[in-house]
Every structure is written in C-alpha cells, then in structure tokens.
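Student: Okay, here's the structure, questions in a sec.
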Amino acid sequence: MTSPTPSLELRNLSVSYRVRGIERSVLRDISISIAPGEAYGLVGESGCGKSTAAFAAMRYLPRNGSITSGSILFEGNDITSLDEDRIKDLRINAISMVYQNPVNALNPTLRIGKQVAEVFKLLGKSEEESIELTKEALRKVQIAEPASVMGRYPHQLSGGMAQRVVIAMAIASNPRLLVMDEPTTGLDATVEAEVLDLVRDLRRESGTSVLFISHNLGVIRTMCDRIGVLYAGSLVEEGPTETVLNAPNHPYTVGLLRCIPKGGLNKNSERLDTIAGTPPSLGANLPGCVFVDRCTIAVDRCKTEKPELVDNGSGHFSKCFLSDQAVNMPRAKVPVSPNAQATPTSKSPLLEIEHLSKTFTQDTNDVRVLTDIALSLGEGETLGLVGESGSGKTTLARAILGIISPDEGSTISMHGKKLDALLGKRSAEEVGAVQIVFQNPDSALNRRHTVARIVARAVQKLAGKSREESEELAQNLLSDMSVDALLHSVKPSQLSGGLKQRVAIARSFAGKPELIVCDEPTSALDVSVQANILNLLVDLQKRERVSYIFISHDLGVVRYISDRIAVLYLGRLMELGTSEAVFNGPHHPYTEALLSSVPAIDGSQRVRIRLGGEIPNPSKPPSGCVLHPRCPRVAGSGVEHLCTSVEPPLAEVEPGHFMRCHIPLTNLEKLQSK
Amino acid sequence: MSSSPISLKHTAAQERRTMRKERIAVLRSNKAFVAGVILVGFWILCAIVGNWVVPQRPEFLDMMVTDLPPSGAHWFGTDGLGRDVFARVIVGSREILVMASLATVIGTVCGSAIGLVTGYFKGRLDLFVMRILDAISALPVLVIALLALSAVGGSSAVITVLIIGFVFTPIIARTVRAAVLGESELDYVAAARLRTEKTPYILFNEILPNVLPPIIVEFTIRLGYAVFAIATLSFLGVGVALGSPNWGSQVAENYSGIFIDTWWSTIFPAAAIATLAIGINLIADSVMEAFEL
C-alpha cells in the first residue's frame, strides 16, 4: 500500500481488559491500515477481538479496557492519548459507528425525528435547519416517507428500518470513517441485502472509509476491498478479499472456510469439516503461534516461536511458518460415520398437520399468523422451515410442541393419532416424543444447575425413570453427545458454546424423541462449532431415526441438513418440496428472492431479485396472493389480474413439489433462467 | 475436545477455583468491603459475647455516680441514672442486630415469594398485587409502625419486627419481580414447561436460584435500613421494652444532655448506630459490585 496517509491506522496495537482484578490481553500487537475510501473487513469467531478493535478505533473502550501498547492514528494524527474533548469532536465530525442491534442504539423514549435532528444540532445547525436536514438524511437512506417515520418511536420500526435510521445518523456528519460492527447480523437475509446495498451506494457517493466487522464471510466478501482475519486477538491473515477467500494462506482461514456448508452441500454427500479444539481463553499466555493448539499442520517450531506477518505477494500477508502448506492441509479428523443414509427410505408419516391455523387477538383485531397449513413429515426425515421473521415459523413450531393452542379445526397427529392441542393433556410418551433444541444455549440451560442435573431431570420427567436411574441414563446420554464424563458436574457457564448446545441436545433426547424441533440451533454459534453440531445432529438422526423440523435463516445450513423444505410467508405455505427442488428451482418467486439475497461466500455472482417494500401487517393481508404487492415476478406474468384478486392454491407443480403461485411453472422457469 | 479427559477435568475445576479465588481477591482488595466487615464483625462479636465482657451489668443503677464523664472506671462515662454507658452500648448491639436481621429476613422471604409469583404469572394477578404493594409503600414506615404499635398498645419488639418486615415486603417484591420477569422469558423455563414440570418446581428450583444475586444484594441494603428504622422507633420510645440497653432509647433519654455537657451518654450510642449502618452499607455496595449488578 503506497497510497497517501491512511484514513485509520492501528499500529502495533495491544489492548487488555481487566477482569476480576487481572489484566487480560484481548488484542495482541495488531497493525491495520485503511486507505481513504477503502472498505476493510475484520472477520473472526466470537471472542477474537473484532469488536474491541472497532471500539479502539473510536477510542471508546469499556471502562475496564486499556491500550497497553501501540497507537491509533486517524488521518496520520495520533489519537491514542487525545483528551476527551478532542475525541468527542472527532466522533461528532469525522468518525461514526453503527452497532449490531439498531433497536438498542436508539433511545426508546424519543421520536425518530428528534433523535436524528439531535445529530445536526450537535453539528451546530439551528432547529429548523436540523429538521430539514433530518428529512433529507432519511430520504438518503431510502426511507420513502421521512415525515411519518420521524413521528414514530423506535419500537414502532422494523429492524431494517431502525438500522436505516441508525445509518442515517451515522452518516449525517459526512464522516470520513465509518465503523460498522455486525450491522446486519440480527436482520433477515432480504433486509440484510437491502441494508448492504444501501451502505455500498452511500460509500460510492461519499468515498467514506469503512471498517466493517462481521462473522459472516459472505457479507464481508460483497462489502470489502481487503480483509483481516483475527484469531485470539491476533491478526493471522490479511489481504485483498478475493485473494484471501479464494486462496487462504493461514490454516485458521482455511479451516474456517471449510466449515461452512456451501455450494449445495448435503448431509448425504459429505460430512462437514470442523476445527478441533476451542480457542484459547481470554488473556491466555501464548508463547508460540496463537493457533497452534488447533492446527493440523503445526510443527514443533510453532509452539515456541511467534510467526511474523509475512507478505506472500501482492499484499497478501499471513502469520504462519507453513503458509504454503495451509491450502492443502489435511481435513480435521472426524469419526467415520455409519454408511447409512440419513434420508429415510420408508416414508411412513410420523407427523401430519392439517388445516393448522392460529389467530391471535391483538386489541380487538384478529391477527392470523398461520393460515391453513398442511404438512406431513416422515420418520427420520428433516423438514427445513424458512421464511423472513414474522412468517410464522416459530408459531408453527410452538403449535406442534403444544406450547400454544391452534384454532378450532386444526389437527396435528402423530402415527395417525391426534395430539391434544395442550401440552398438559398429552400423555407422557407424547410429551417426550416431541422436544426442542433452542437457538441460544445460554438461555436454554439453567445456569445454576449442573450439566448432569439438567439432563437427569429431563430423563426423570420425560422417560419416567427413578432418580438414580435418571442420573445414570443422563451420564450415558451426555457421553453419547461427546460431553466428557468429567464435565458433567460443572455448570453450563464453564462450557463453550458448542458444548452447551450438546448438553441441550442431550436433554432433548431424554425421552424417546421422535420429532425434535431445532429452532435456529446453530445461529448463536461460531461456524467451526456449527459444523460440529450439524454433524452431531445428522449422526443422531442416522442412529435414532428421529425426525427434525429445522428452522434457520441460514439457507446454506438448511440446505445441508434438510430432506424437504417448507417456505413460509405471512403464515402461508408458499412452497414445499425436496431440498434439491426448492434450491435448484424453478423457485416460487418468494423463494427466489430469499435465495438471491444471501451473499455467496464463494463469490459466485447472482442476480439480486428484490422484494419491494416490507412484510405487510398480518391483520390486514393483501388481497389475492399475499405476496403480490412485493412479488418480483408479478409484473409481466400475464396473470396479474389473478394475483391481485384470487389467492392461489398450494398446487403440486412437479411430483412432490408444491407451490402457491398463479404463474405457471414453465413461465417461472423461463423467467428465472434469464 | 482434542485434549485428554484428565486435562479437561483439570481445566474445568481449576477454572472454577480460579474464578472464585479471583472474586474473593477482588473483595479482599476492596477497602470498603474490608472496613464494612470489620465494623459489622465487631458489633456481631459484641452481640455474642458482650454480656460476659462488660465491666458491669448494663441495667445496673448507681445513683451515686450519675452523669460521670468518661474515665478509667467508666470508659464511656455514666448516664443520668448512673448506668455504665460502655456496657449499655456494647450489650445494646444484640437487640438491634437480632431485630434488624429478623425483620429483613421476614421482608425478604415474603417479598421474594410475592415477586416470584407475580413476575411469573404476570397478567391480572400481577396488576392487582402490585397495586396493593404500591399502596403499602406509599405510606411512610414510621406512620405504619406507630399506628400498629399504638393499636396493640405500646411497645413490642415482636410487632416492630413484623411491621418492618411488612414494610420491606413490597420493596423486595418489586426487585424480585423485575428479575423474574426477565428470567421467565428465558428458554430454560420453556424447557421446564415442555417436560410438564409443576409450577412450584419451576418457581423454586428453576427460577429462584437465578434471581438470588439481586435478592442477596437487596437483603444487605434492607438490613442497613432496618437498623435505622429500629433505632428511630426506639428513639421515639416505641417498639422496644423500656429500660433495656437500647441504642435508640439511650439517645432519646440523654440527647437533651448534649447541651449541658454530658455529651458522652448520647454520642456513644449514636456512634454505634452510625458505625453499624455504615458497615452494612459498605458491605452491600461491595457485594453489589462483586455480583456485577
């Protein structure tokens, strides 16, 4: 990089946090430089120091954090020890930040207009000017009716809208550096794609430098010119985005990329690769390479000597003695699985759902969140549930579990026997037969109970065993999930995220489960851990012939684990078919838009199919096909009049492939092949 | 996962031990906590052994030695009835400590139970109970106490303890309810329901252990208030048996003397109240910090 003064430079920066009285290093000697107008992506798993780097760039470390060495330069000026007033000036005028959770970033008690105008007032504008500028700023982030949004409170905005407002505030001062910390992580793929488009457009217009932090390599790939890979607070690889992701030079990056289910991978074709072991704990003393404990090609030298960041040509740096061997490093050792296919051979239905509807009463309005769902699920089969938030995925899962009771006339039956709507009225076997694995193991496991107690209690209740028997069975169950016997007496907080999720899975297997609802079971986990958990779920399915309903917003994961996919929109089943049929197309227009909004990790270019507008209010669903106001294919389909007036039925367009669309399959195929 | 089982056990147990060690180290290096423990510890010690170490009985009257200033024979001097102030201050710690602790325990137990139930069930029950509690906490402690005590006719340590416990109940209930509201949204509660656990099990075995930290903190804070409330009531001459060595009534009996040069019989019991209350508050603050609340 021979360019002029970098916009932001972290020079040999080390940061440590004081936790329980001891300094623990979080960033270890990091050097990053971002050129004016450049977008730099920082990736890494949780706890690697990404966010700390972002906060350090803003000079906004938590109270227990301190810079132990090195310096932070903004446009060539050292801001490491600048006084508070001058830093405040910089934050008002030159550096802005966008946080992960937009709703938390906004003050819930102030109207949007007032909050955004505040930024302009800080910049020295008058009251009236500020309001005018606010309107303009909101228009700039593609909010169609700024006046109406300005009058609303943050909780009245959708996640995507709130993030736009936060971005509008961040760019109000025309900052020269924008720090974005996981700006799209909590958002739906379709909304994420729109926010990313917006950031890209704004960047093109203003030439702002961006420090972009994300764990999602696909997002980073579409957004950033260069990326840096962080591991245990150390920058292990850096270079142009394409180069690093296509030809990684550090074993960690290689491993990370291999863990991600991508390119149409399915559970029957291949096991997912994993990175063995866990990252070093915060502030651990690491005399050698930070990755040595988990590296499959490490040699003795790696344990004692710290590798330097070496240029492997064309600005591609890697901190590894064996960087030339990294790409071809052997796959992590995985236990050989039985040769059986996870996909069921016999299709005797386990679960049958007919006419399932659910209406909530809100104020005096009836809100129908599920409309006439019909589904069946075979033994040992996995059904993937996809759809944007608010599509009814969770409600459907809860109705099956018996936590909420569906409307009159809905039937859910197992093995042909009707299940009572209420959990309390189901028999003990029925309760044990349908269980759930929650998204967040931190919330799903009682932090005050030991691992053994959590599982044993479930065995006691669900399998109806005595206390002693339960304890013994729980030990076996846990060991089965590769939770070491010696960890059974600890509390969940002492386990890593992956181990916690294993305990949660063990608990769901306490009864004799036949169906397990997996509600985003890997979305709170890092990709290397995610791969482990997915492998475990597949192994268990092969052995126990259990069926899964797998809810996820990560379409790569859904594709990997599912035999069939159900796509929900506004409480209606829009498409249902085998994994290949749904993913390979021809797709339902809604599925098509969902698929196209996911940024590809392998960099393959897709045509973005946009959904216009936002999800309509389910209490007032649109006439005709509920998708028609947003449908990307309605215009020019020749059946517009039908789409706006008649709700299409769920029709079998190919054997086993159902769609709720008026447009004939052949037309869809033609449109989508363009 | 790659490491051997032995080292796994080692790390988990070791980490737990280091965490506890580090937390204790933080508390021990916290000067406020150490000071609080010394102050409170001193008064607890007095409450336990005070009766045997004081030079004379605290109730012992000697009209020949009234209003003596502090001296070798009477370290804190004597009061208007010739009683030894030192003995009365040291022995007086027992009553206030026992009463304050009992009152706080009652308030904490009742408050936690109400907080657990209302926070878990929410809805109309919650609305109803919380409005009643609002009404109770709208009344000043002293007014309720004076009313109740005059209703039963005079001074009763038992009634005082019950009244203070009663007044603390809504405050603790509100704190616990807030914690339970957040806690009952967590998935482990849903998981318990999904294995058809009974409600009492969910409340006391699942949720209660998770809301203990705020309960402990609230307990220590309330204990400090209880000391003040009891001292105030006994200063007003209600709530405790007359003539017993009691800090509040000692101040009440003698404070007029502070202007006619017999300051010792007022200042020493007053200082006792202050040091005990400060000590408890110092501990409360440090405990709050250690629990990161």
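The values are calculated or read from the model by the stated rules, or taken from the named source; none is laboratory data. All values derive from a computational prediction rather than experimental measurement. Cβ: placed from backbone, ideal geometry, glycine included. Neighbour counts: every protein chain shown.
Student: If A:Pro108 meets every condition in (1) surrounded by fewer than 16 Cβ atoms within 10 Å (Cβ to Cβ); (2) part of a loop (DSSP other than H, G, I, E, B); (3) without any contact (Cβ under 8 Å) to a residue 24 or more places away in the chain apart from one, which number is that one?
Tutor: If we test A:Pro108 against (1) surrounded by fewer than 16 Cβ atoms within 10 Å (Cβ to Cβ); (2) part of a loop (DSSP other than H, G, I, E, B); (3) without any contact (Cβ under 8 Å) to a residue 24 or more places away in the chain, just (3) comes out false.
Student: Still on this structure, please answer the following. Just to check your reading of the model, which residue among A:Arg63, A:Arg59, A:Arg111 is in the same structural domain as A:Met180 (by TED's automatic domain parsing) and in contact with a Phe, Trp or Tyr (Cβ under 8 Å, 6 or more places away or on another chain)?
Tutor: A:Arg111
Student: Restricting to the range A:539-580, name every residue that is of a type outside the set (A, V, I, L, M), assigned to a helix (DSSP H, G or I) and touching a strand residue (DSSP E or B) at 6+ places or on another chain (Cβ under 6 Å).
Tutor: A:Ser579
Student: Also: State which residue is farthest from A:Ser552 (Cα to Cα) when the search covers only the range A:602-634 and only residues that are touching a residue at least 60 places away in the same chain (Cβ under 8 Å) and buried (at least 21 other Cβ atoms within 10 Å of the Cβ).
Tutor: Filtering the range A:602-634 for residues that are touching a residue at least 60 places away in the same chain (Cβ under 8 Å) and buried (at least 21 other Cβ atoms within 10 Å of the Cβ), the one farthest from A:Ser552 (Cα to Cα) comes out as A:Pro618.
Student: Could you tell me which residue of the range B:194-207 is surrounded by the fewest Cβ atoms within 10 Å (Cβ to Cβ), considering only residues that are in contact with a Leu (Cβ under 9 Å, 6 or more places away or on another chain) and more than 7 Å from every other protein chain (Cβ to nearest Cβ)?
Tutor: So the residue we want is B:Phe204.
Student: Could you list all residues from the range A:15-39 that are within 14 Å of chain B (Cβ to nearest Cβ) and not in a loop (DSSP other than H, G, I, E, B)?
Tutor: Residues satisfying the conditions are A:Tyr17, A:Arg18, A:Val19, A:Ile22, A:Glu23, A:Arg24.
Student: Considering only the range A:604-656, state which residues are of a type in the set (A, V, I, L, M) and closer than 25 Å to A:Glu194 by Cα.
Tutor: Hits for the range A:604-656 are A:Val607, A:Ile609, A:Leu611, A:Ile615, A:Val626, A:Leu627, A:Val634, A:Ala635.
Student: All but one of (1) surrounded by fewer than 21 Cβ atoms within 10 Å (Cβ to Cβ); (2) in contact with a Lys or Arg (Cβ under 6 Å, 6 or more places away or on another chain) hold for A:Gly44, so report the exception by its number.
Tutor: Result: A:Gly44 passes all but (1).
Student: Tell me, please, whether a residue that is in contact (Cβ under 8 Å) with a residue 60 or more places away in the chain and crowded, with 20+ Cβ neighbours inside 10 Å can be found in the range A:635-643.
Tutor: Looking through the range A:635-643, none of the residues is in contact (Cβ under 8 Å) with a residue 60 or more places away in the chain and crowded, with 20+ Cβ neighbours inside 10 Å.
Residue-by-condition table, conditions (1) out of contact with any Cys (no Cβ under 9 Å at 6 or more places or on another chain); (2) part of a helix (DSSP H, G or I); (3) of a type in the set (Phe, Trp, Tyr); (4) free of Cβ contacts under 8 Å to residues at least 12 places away in the same chain:
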position	(1), (2), (3), (4)
A:His449	yes, no, no, no
A:Ala456	yes, yes, no, no
A:Glu468	yes, yes, no, yes
A:Asn476	yes, yes, no, yes
A:Ser493	yes, yes, no, no
A:Ala506	yes, yes, no, no
A:Ser523	yes, no, no, no
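Student: Could I ask something else about it? Could you figure out which of (1) outside any loop (DSSP other than H, G, I, E, B); (2) of a type in the set (Gly, Ala, Ser); (3) within 26 Å of A:Val219 (Cα to Cα) isn't true of A:Ser69?
Tutor: So the condition that A:Ser69 fails would be (3).
Student: Being buried (at least 19 other Cβ atoms within 10 Å of the Cβ) and at the interface with chain B (Cβ under 10 Å from one of its Cβ atoms) is the filter here, so list the residues in the range A:411-425 that pass it.
Tutor: A:Leu423
Student: Hey, another quick one. Among the residues of the range A:397-410, is there at least one that is without any contact (Cβ under 8 Å) to a residue 12 or more places away in the chain, farther than 19 Å from A:Pro513 by Cβ, within 25 Å of the chain's Cα centre (by Cα) and within 13 Å of chain B (Cβ to nearest Cβ)?
Tutor: no
Student: May I ask you to list the residues in the range B:174-189 that are in a helix (DSSP H, G or I) and at the interface with another protein chain (Cβ under 7 Å from one of its Cβ atoms)?
Tutor: B:Asp187, B:Tyr188
Student: Is it true that A:Gly47 is outside the structural domain of A:Pro280 (by TED's automatic domain parsing), out of contact with any Phe, Trp or Tyr (no Cβ under 6 Å at 6 or more places or on another chain) and within 16 Å of A:Ile213 (Cα to Cα)?
Tutor: Yes.
Student: Go through the range A:247-285 and give me each residue that's within 14 Å of another protein chain (Cβ to nearest Cβ), surrounded by fewer than 23 Cβ atoms within 10 Å (Cβ to Cβ) and of a type in the set (Gly, Ala, Ser).
Tutor: A:Ala276, A:Gly277, A:Ser281, A:Gly283, A:Ala284
Student: Further, regarding this structure: With the requirement that a residue be within 16 Å of A:Ala458 (Cβ to Cβ), within 11 Å of chain B (Cβ to nearest Cβ) and touching a strand residue (DSSP E or B) at 6+ places or on another chain (Cβ under 6 Å), what does the range A:473-526 give you?
Tutor: A:Ala504, A:Ser508, A:Val517
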